[in-house]
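In what follows, a structure is listed as structure tokens, so that the remarks can point back to it.
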Amino acid sequence: MKTLITGGTVVNATGTATADVLIDGDTVAAVLAPGSTLLGFDLASSVDEVVDATGKYVIPGGIDAHTHMQMPFGGTEASDTFETGTRAAAHGGTTSIIDFVVQYAGENVLDQYNFWQEKAAGQCAVDYGFHQILSDVQDSSLTAMDELINEGVTSFKLFMAYKGVFLSDDGQIVKAMQRASDNGSLIMMHAENGSVIDLLVKQHLDRGETTPYYHGISRPWQAEEEATHRAIMLANLTGAPLYIVHVSAKQAVEQIAAARDNGQNVFAETCPQYLYLSLEDQLGASGGEWGDFEGAKWVCSTPLRSKDEGHQHHVWQGLRTNDLQVISTDHCPFCMKGQKEMGLGDFSKIPNGIGSVEHRMDLIYQGVVTGEISLPRWVELTSTTPARMFGIYGKKGVIQPGADGDVVIYDPNGHTSIGLGKTHHMNMDYSAWEGFEISGHVDTVFSRGRKIVDGNSYLGRKGDGAYFKRGLSQYLI
């Protein structure tokens, strides 16, 4: 099928231009000046569909490089399946996700990779790839790192928190980093000092401080800054490239900036929740059906930070200065009933996670509206740099000839109201973004040339999405 998108403003990370976009089959065939006769005098008559994008932005499909579909955690499982989560992503203009294969201590890494491939196969509405989580770093894990690169898994996530679940000690981290330095893969790090957090959690619970507010208090910014600095030093020792996930504290941003100023291959992402939500307003919320447990809706790790300490402002600043390069979601949704309520009376038992995969493109576009970032920077943070960081740029993350036909038509004059019964397709019984109003709207979404969203209608089906093998990072200095 051939589709011609006319009259729109094409936005890539490098800038904007009024142009027509021709999609032929799965790929972008041409980006043409309006009225160009390069491909004939009446191109519109030779295609199957003409889409008028006048007054709208034509952008590469969003890439959410940090999601957890069907992830087992805390005695339950993330409520979005690969089917429901990727369908919600499509509604929000995200046409690719990179999810995480989970390996718990004692499990075989390659067996887990095969299991995750089975879970996702034939289910996804959009294209998908995988990162690999490593917990106990065994000799077989190091061998698996080399083997997985051949499977298109070129990034490996380690944890400095969650003792007995994911935590790797510093020696294990160094072993994985040494292997990454040899094979060119990227180490991703959950940077929080788990031992300190475990102590503070116990002390709060012993004092009877059990509400969700204390989830944030027990994971202070010092624990994030210290672990971020430690990860940077271990990466410096080994020469491995390092990517810090879900950065929330301004002090952690400063550690990352300092390492980058010294020329080290250190990169980082943040998430919408750390730009808009706070310890005081969300984790400390009370009222309605849940009383002082209301804040459980926003329990995630790293936690929401205090607005009075200025973290949100500083994280936006880090996005402008490129000390932070990517905006992902860490999408790991849980329902309040039957899942989050497992932590009633003990905040440490609340499953950690927020659902945002549907709303990332809209929420970050709102930063364009308010002047936090530019229009091309919006595309760079949500599509182009994720593609470059994780080895899929050229096919993904850009509108140019030869790229996959992952194209979103976004209406800056449209409007999106977020919340249950409004814009909400994730498999959750609440919205972490209830009441947010967006000055823009995802109008049309193409995934490899197929129109899967039109207006508010979903036209795709499960299985539309394909697994993509990733190369090594294209973002290293």
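Where residues in the stretch 465-477 are of a type outside the set (A, V, I, L, M, F, W, C) and either touching a strand residue (DSSP E or B) at 6+ places or on another chain (Cβ under 6 Å) or surrounded by fewer than 20 Cβ atoms within 10 Å (Cβ to Cβ) (or both), which of them is nearest to VAL398 (Cα to Cα)? Can you show your working first?
Just the residues of the stretch 465-477 that are of a type outside the set (A, V, I, L, M, F, W, C), to begin with: 465, 467, 469-471, 473-475.
Restricting the remaining residues to those that are either touching a strand residue (DSSP E or B) at 6+ places or on another chain (Cβ under 6 Å) or surrounded by fewer than 20 Cβ atoms within 10 Å (Cβ to Cβ) (or both) gives 465, 467, 469-471, 473-474.
Working: GLY465: 18, TYR467: 19, LYS469: 18, ARG470: 16, GLY471: 16, SER473: 16, GLN474: 14 Å.
Checking each candidate, the answer is GLN474.
Within the stretch 288-326, count every residue that is at pLDDT below 95 and open to solvent by less than 30 Å² (accessible area, probe 1.4 Å). Spell out the reasoning first.
First pass over the stretch 288-326, keeping only residues at pLDDT below 95: 288-289.
Then drop every residue that is not open to solvent by less than 30 Å² (accessible area, probe 1.4 Å), which leaves none.
Going through the stretch 288-326 one residue at a time, the tally reaches 0.
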Cβ pairs under 6 Å, 6+ apart, first in the stretch 335-349 and closer than 14 Å to GLY208 by Cβ, second assigned to a loop (DSSP other than H, G, I, E, B) and open to solvent by 20 Å² or more (accessible area, probe 1.4 Å): GLY345/THR210; ASP346/THR210; PHE347/THR210
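Has the stretch 114-123 got at least one residue that is within 20 Å of the chain's Cα centre (by Cα) and part of a loop (DSSP other than H, G, I, E, B)? Before the answer, list the steps.
Step one: of the stretch 114-123, the residues within 20 Å of the chain's Cα centre (by Cα) are 116-117, 119-120, 123.
Retained after the next criterion (residues that are part of a loop (DSSP other than H, G, I, E, B)): 123.
Yes, the stretch 114-123 has at least one match.
Out of the residues in the stretch 176-212 that are among the β-branched types (Val, Ile, Thr) and more than 24 Å from the chain's Cα centre (by Cα), state the one that is least open to solvent (accessible area, probe 1.4 Å). Talk me through it step by step, then tell me what you get.
Our first condition is that a residue be among the β-branched types (Val, Ile, Thr); within the stretch 176-212, this holds for 187, 196-197, 201, 210-211.
From the residues that got through so far, the ones that are more than 24 Å from the chain's Cα centre (by Cα) too are 196-197, 201, 210-211.
Details: VAL196: 64, ILE197: 5, VAL201: 22, THR210: 40, THR211: 35 Å².
Top of the filtered list is ILE197.
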Among the residues of the stretch 329-388, how many are among the small types (Gly, Ala, Ser), within 20 Å of the chain's Cα centre (by Cα) and in a helix (DSSP H, G or I)? 3
Name the pairs: first residue in the stretch 42-57 and over 23 Å from GLY15 (Cβ atoms), second residue loosely packed, with under 15 Cβ neighbours inside 10 Å and of a type outside the set (Ser, Thr, Tyr), Cβ to Cβ under 6 Å, at least 6 apart or on different chains? ASP48/MET1; VAL50/ALA44
Does the stretch 344-353 contain at least one residue that is β-branched (Val, Ile, Thr), open to solvent by less than 20 Å² (accessible area, probe 1.4 Å), touching a helix residue (DSSP H, G or I) at 6+ places or on another chain (Cβ under 6 Å) and within 22 Å of ALA268 (Cβ to Cβ)? no
I'm trying to understand the selection: among the residues of the stretch 15-70, which are surrounded by fewer than 22 Cβ atoms within 10 Å (Cβ to Cβ), out of contact with any Ser or Thr (no Cβ under 8 Å at 6 or more places or on another chain), of a type in the set (Val, Ile, Thr) and closer than 22 Å to LEU381 by Cβ? VAL31
What's the number of the only condition in (1) closer than 20 Å to GLY343 by Cβ; (2) under 23 Å from the mean Cα position of the chain (by Cα); (3) open to solvent by 20 Å² or more (accessible area, probe 1.4 Å) that HIS215 fails to meet? (3)
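The values are calculated or read from the model by the stated rules, or taken from the named source; none is laboratory data. Just so it is clear, the model here is predicted, and its values are computed rather than measured. So basically every Cβ, Gly included, is an ideal-geometry build from the backbone, and we count neighbours across all protein chains shown. Accessible surface areas use protein heavy atoms only, side chains included; no ligands, DNA or RNA. Shrake-Rupley method; radii C 1.70, N 1.55, O 1.52, S 1.80 Å.
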